[in-house]
Amino acid sequence: MVIIVPTWSALALVVMTGVTLVLIGIIGLVQAFSLGKNLPPVGEQHTTIDG
């Protein structure tokens, strides 16, 4: 199929890559906001462990 219609194959690859990158970006944003909710407020003392 790639040899017969290379233009369509290239277009399909570009579209699939674009959709994948958009999904990875959305997942990254969701993870950033969900993990950021567990952080302590600004100015609050942080507990550190010196080892």
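Under the simplified labelling scheme, the THR20-SER34 pair shows an inter-label distance of 2.2 nm, with each label point 7 Å from Cα along Cα→Cβ. Here the spin labels are modelled as points 7 Å beyond Cα on the Cα-Cβ line, and at ILE49 and SER9 they lie 5.4 nm apart.
Quick note: the coordinates plus some simple rules give every number you see, no bench work behind them. Note that this is a predicted model, so its numbers are computed, not measured. Virtual Cβ from ideal backbone geometry, glycine too; neighbours counted across all protein chains shown.
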